[in-house]
Amino acid sequence: MYLCRMATILTFMDTEIWGNTLRQYAWLLGVILVVIIFNKYISNFISRLLFQLLKRSRFKHSGQLFLKLLLQPLEFILVLHTIYIGFQMLDAPEFFQFKFIGATLHQYAYGLYTLLFIVSTGWLFSRFADFIITVMNEKAQLTPDPSDDQVVSFLKDVFKVVIWTTVVLCVLAFVFHVNVTSLVAGAGIAGIAIAFAAQETLQNIFGSISLFAEKPFLVGDLVELDGITGTVDKVGFRSTRLRALDKSFQTIPNRNIVSNRIINLSRRTSRRVQFLLGLEYGTKAEAITAIVSEIDAYTTQHPVTNEPSVVHFYGFGASSLDIWVEIYFEYLEWDDFLRKRQEIMLGIMDIVEKHGGSFAFPSQTLYMRQDVPKEPTKKSADISSDIHHPKGE
């Protein structure tokens with residue numbers, strides 16, 4: 001009985017569907033299920049092999065990151081190849097020769113596999129580029145020069161553009177059977193039209209190249225670009241990103257930056273503070289001389305200043321005696337600068353009060369004049385007499 005059942009099953013498995021036996025389909029399904037179920041273990045095995053190779057390179061300390069980034073695309077490629085090889089072992093059904101829009105279904109299936117393989121390979125190379133960029137960024141963090149960080153950020157964009165442009169060209173060549181050589185040659189003929197269509201994009205790219213060549217600012221610098229003041233967060237392939245003083249995130253096209261004035265506030269040697277110190281009229285000349293001399297000595301000798309101050313009696317204002325004060329601070333972060341500025345301002349107030357001076361404020365004096373009535377002339381008096389005492393009364 002058992003042998004009869006086995007014979008019946010084997011006979012059933014030899015049944016052909018679409019040119020292949022059920023046994024062939026069962027083997028294909030079994031292989032695919034094994035790969036899917038044990039994909040994690042197979043990937044771990046591949047990971048251990050890659051990790052052993054990575055240990056011998058200079059990236060051995062970043063092995064876990066390498067495996068984490070490359071594992072998913074490797075798993076996808078493994079499953080994709082297993083399915084492709086399995087179907088290659090089957091005979092293609094006759095309806096696969098059916099043509100639709102100039103191509104057979106078999107060609108469409110192979111084109112889909114090629115498309116997925118090219119995209120997954122691009123995904124793999126993109127993850128590898130991410131690994132390289134991460135390692136370079138870690139090394140750049142160890143150096144005091146911030147230009148390394150800026151170059152790494154720029155290279156990341158360049159790698160992405162090159163990889164995915166290559167992917168698109170490969171898809172056109174191997175999936176859609178486009179003659180890429182003729183396409184590139186034709187692009188030279190149509191280059192003028194493309195240049196006009198993508199004029200702003202090209203200007204941004206050349207602007208980024210100019211920024212990297214001249215390095216007017218680096219990541220982390222406080223700058224004023226295109227009328228916006230903020231800290232440089234990233235210099236990209238097309239634009240530069242700023243964190244403005246109000247904490248908003250600003251993106252400025254590179255073509256706008258190179259065509260306008262660039263002010264790098266972080267490269268200032270000093271912060272200058274200048275103002276007029278107004279004293280009340282009536283302050284003695286001796287007091288003004290003493291105030292000027294002491295403010296000059298106090299601000300010049302203060303630890304936070306890095307250049308001699310300029311303090312002089314400046315002139316006679318509309319409502320005050322003006323003293324010109326010009327102080328040069330060391331370059332400090334904004335909060336520290338305001339704190340030290342407040343300290344010096346309070347010190348100047350103490351000096352003025354110490355010498356009996358008072359701060360003037362805008363004022364205006366108004367003089368009122370009262371007109372005295374004029375005495376009447378003789379002629380006007382006669383007329384008045386005629387009016388009130390007419391002749392004949």
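The values are calculated or read from the model by the stated rules, or taken from the named source; none is laboratory data. Given the structure is predicted, the values throughout are model-derived calculations rather than measurements. Note that each Cβ is placed from the backbone with ideal geometry, even for glycine, and that neighbours are counted across all protein chains shown. Just so you know, the surface numbers come from the protein's heavy atoms only, side chains and all, with ligands and any DNA or RNA stripped out. Shrake-Rupley method; radii C 1.70, N 1.55, O 1.52, S 1.80 Å.
A compact table of results
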{"item": "Test set (1) at pLDDT 80 or above; (2) open to solvent by less than 80 Å² (accessible area, probe 1.4 Å); (3) in contact with a strand residue (DSSP E or B) (Cβ under 9 Å, 6 or more places away or on another chain) - ASN204 fails condition number", "result": "(1)"}
{"item": "Which listed residue, of GLY63, GLY111, is at pLDDT below 75 and surrounded by 15 or more Cβ atoms within 10 Å (Cβ to Cβ)", "result": "GLY63"}
{"item": "Residues of segment 235-246 satisfying the condition of being open to solvent by 70 Å² or more (accessible area, probe 1.4 Å) and either within 13 Å of the chain's Cα centre (by Cα) or under 21 Å from LEU155 (Cα atoms) (or both)", "result": "ARG238, ARG241, ARG243"}
{"item": "Among (1) outside any helix (DSSP H, G or I); (2) under 15 Å from SER153 (Cβ atoms); (3) free of Cβ contacts under 8 Å to residues at least 12 places away in the same chain - the single one ILE209 does not satisfy", "result": "(1)"}
{"item": "Residue match in segment 278-293 (condition: without any contact (Cβ under 8 Å) to a residue 40 or more places away in the chain and in a strand (DSSP E or B))", "result": "no"}
{"item": "Residues of segment 233-266 classified as part of a strand (DSSP E or B) and touching a residue at least 40 places away in the same chain (Cβ under 8 Å), total", "result": "6"}
{"item": "Criterion: modelled with pLDDT under 85, at negative phi, assigned to a helix (DSSP H, G or I) and not charged (D, E, K, R) - qualifying residue of VAL152, VAL168, VAL178, VAL119", "result": "VAL152"}
{"item": "Residue list for segment 203-234, restricted to those being under 13 Å from the mean Cα position of the chain (by Cα), closer than 17 Å to LEU265 by Cβ and of a type in the set (D, E, K, R)", "result": "ASP221, ASP233"}
{"item": "Selection within segment 141-164 - farther than 18 Å from PHE237 by Cβ and hydrophobic (A, V, I, L, M, F, W, C)", "result": "LEU142"}
{"item": "Pick from segment 254-280, criterion touching a Ser or Thr at 6+ places or on another chain (Cβ under 7 Å) and either open to solvent by 30 Å² or more (accessible area, probe 1.4 Å) or of a type in the set (Val, Ile, Thr) (or both), ranking: nearest to GLU353 (Cα to Cα)", "result": "GLU280"}
{"item": "Tally of residues being over 21 Å from the mean Cα position of the chain (by Cα) and open to solvent by 40 Å² or more (accessible area, probe 1.4 Å) across segment 146-169", "result": "5"}
{"item": "Number of positions in segment 333-363 that are open to solvent by 60 Å² or more (accessible area, probe 1.4 Å) and either among the hydrophobic types (A, V, I, L, M, F, W, C) or in a helix (DSSP H, G or I) (or both)", "result": "16"}
